[in-house]
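Let me begin by presenting the structure, written as structure tokens, before commenting on it.
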Amino acid sequence: MYRPEIETASRDFMQHLQLELFRNQLKHVYNNSMMYRRKYDAVGLKPEDIKTFDDIKKVPFTTKDDLRISQEENPPFGDVLCVPREEGVRVFQTSGTTGKPVKVLFTFRDWFSVGCEHVAYQANVFEINKSDIAFLPFGYGLFIAWWGWHAGLERMGVTVVPGGAQSSQDRIRNIIAWEATVVLGTPTYILHLGDVARDMGVNLNSDSRVRLVVLAGEPGAQIPSTRAIVEETWGAKCYDAIGASEMPVSFGFECLHKKGTHLIESMFLPEVVEPDGEGYVEPGEQGELVMTNLCMETMPLIRYRLRDLVSLTYEKCECGRTFARMNGGVLGRVDDMINYAGVNIYPSAIENVVRSVKAFSSEFQIVVPKQGSSEKLTIKVEPASENVSPHGLGKAIQDIKETVKLNIGITPEIEISKIGSLPRYELKARRTIRKE
Ligand SMILES: [Zn+2]
């Protein structure tokens with residue numbers, strides 16, 4: 001462990017630490033950010049009102065809309081900033097998949113000290129050290145993606161090969177040529193790289209030195225069938241990590257026991273509430289993840305609604321850590337939930353079924369019919385290769401239908417697409433299409 005005394009601390013100790021950090025952070029945002037001051041004044045809340053751990057729930061949630069409005073009215077960074085803009089050394093913006101992107105700023109301290117500390121917690125778990133060479137295949141643009149890991153790994157003395165501005169084929173060639181041992185990416189893109197390597201006649205298992213693949217950005221690493229494909233294709237161990245542009249840089253990681261995503265509770269305060277509601281859900285139940293960034297200074301978000309669906313447990317893990325865990329990682333996005341025929345369906349559940357059928361490639365698309373129409377929900381899939389026989393394909397279609405019926409409770413239509421015709425993604429995939 002990176003900080004054993006913190007990672008195995010008692011719940012009492014952890015709550016005491018979190019309360020202290022929360023109170024300090026609340027004072028900081030109230031005194032330095034007009035957005036927070038307005039928000040809290042509107043409900044008559046003063047930082048000193050928060051005296052106990054239980055009082056934290058009196059503090060209003062922060063939402064992405066708060067940030068958008070703040071930045072629209074006071075461009076470019078908004079009055080959410082708690083430090084003068086001049087103190088910033090690095091910017092990013094959110095991916096903008098759900099509306100106008102939100103801009104994010106970091107001071108030197110937040111970027112090189114706090115953010116790198118997040119990475120150190122995780123890199124230690126995976127035993128990443130100076131002997132490793134990390135390859136980061138992503139766009140190196142305004143989206144934070146693996147930038148934080150880039151900085152954190154360098155800071156630890158790990159050799160980093162920037163994998164930006166290259167075709168997927170070039171990335172495969174570079175992973176081999178630079179003798180990379182660690183590769184980081186979204187599940188979607190790592191699977192795609194595996195397909196590209198196969199088409200190039202490259203066997204990543206024997207031709208590369210990759211020993212570890214770290215995934216983040218989408219549910220995936222903890223979907224058993226997806227993890228199995230990645231580990232088999234790459235001949236490497238595969239683990240999950242998590243971060244978000246607004247909740248930077250990386251707030252959780254899977255341990256070697258693969259029993260969910262540990263949250264770095266000494267630096268973040270996680271809570272789970274009813275999706276779109278206010279009340280807490282019980283540990284072990286599904287709800288929306290609400291996080292407070294306890295340590296950053298530039299624009300720390302307080303009780304921020306991340307829109308991720310999770311189920312949290314506080315039971316001590318087999319690894320000895322007492323850091324809370326998200327069972328199965330991020331289960332889906334609150335906004336991605338499909339309501340069809342009276343059943344709530346998460347795309348990740350369909351992903352697990354599709355990827356457990358060998359006759360199909362790992363790509364798929366879910367087409368959701370208009371509400372009230374008589375059409376069926378359709379799952380589009382591709383054959384894994386030209387070698388799959390019509391008989392094999394027919395049997396695989398039957399398999400998917402039956403497993404979806406059994407596990408999810410609906411009978412979908414299965415549509416076969418041409419090999420390679422479904423869209424591939426470098427960052428976050430958008431596999432659900434809703435008919436208007
Ligand atoms: Zn653990």
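The values are calculated or read from the model by the stated rules, or taken from the named source; none is laboratory data. Model, not experiment: these values are computed from the prediction. Reconstructed Cβ throughout: ideal geometry from the backbone, glycine too, with neighbour counts over all protein chains shown. These area figures cover heavy atoms from the full protein model, side chains too; ligands, DNA and RNA do not enter into them. Shrake-Rupley method; radii C 1.70, N 1.55, O 1.52, S 1.80 Å.
Structure values in brief
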quantity	calculated
Dipole of segment 1-333, positive end: most advanced residue of TYR2, THR107, GLN15 [Cβ charges, Cα centre]	THR107
Between helix 187-199 and the chain: long-axis angle, C-alpha atoms, 0 to 90°, nearest 10	30 degrees
Set LYS27/LYS57; LYS258/LYS380; LYS237/LYS395; LYS258/LYS395; LYS358/LYS405; LYS259/LYS358 screened for pairs whose C-alpha atoms are more than 24 Å apart	LYS258/LYS380; LYS237/LYS395; LYS258/LYS395; LYS259/LYS358
Positive dipole terminus of segment 1-333, leading residue within LEU309, ILE242, LEU289 (C-beta point charges)	ILE242
Whole-percent carbon and sulfur share, accessible surface of the chain, 1.4 Å	50 percent
Antiparallel DSSP beta bridges within segment 337-434, percent to nearest 5	55 percent
Solvent-accessible surface (1.4 angstrom probe) belonging to LEU256, in square angstrom, nearest 10	90 Å²
Magnitude of the charge dipole, segment 210-252, Cβ model with Lys/Arg +1 and Asp/Glu -1, debye to 20	180 debye
Segment SER374-GLU274, length gained on full extension (0.36 nm per residue, minus Cα span)	32.9 nm
Low-density loop cleavage sites - trypsin sites (Lys or Arg not before Pro) in segment 106-185, where at most 14 other Cβ are within 10 Å (DSSP)	LYS130
Antiparallel DSSP beta bridges within the chain, as percent of all bridges there, nearest 5	60 percent
Bins of 10 Å from zero: percent of alpha-carbon pairs in segment 149-211	20, 56, 21, 2
Low-density loop positions, GluC sites (Glu not before Pro), segment 296-393 - DSSP coil, at most 14 other Cβ in 10 Å	GLU315, GLU318, GLU375, GLU386
R0 of 25 Å, Cβ-Cβ distance MET337-TYR314: FRET efficiency to nearest 0.05	0.50
Spin-label pair GLU73/ASN174, simplified geometry with 7 Å Cα→Cβ offset, distance in nm	4.3 nm
Largest-first principal axis extents of the Cα set of segment 337-434 (Å)	39, 31, 21
Within the chain, helix-based [θ] at 222 nm, where runs of 4 or more DSSP H residues each add -39,500 (n - 2.57), nearest 500	-9000 deg cm²/dmol
Charge dipole of the chain about the Cα centre (unit charges at C-beta), most positive-ward option of TYR425, GLY96, GLN222	TYR425
Pairwise Cα inverse-distance average, inverted: Kirkwood Rh of the chain (Å)	22.9 Å
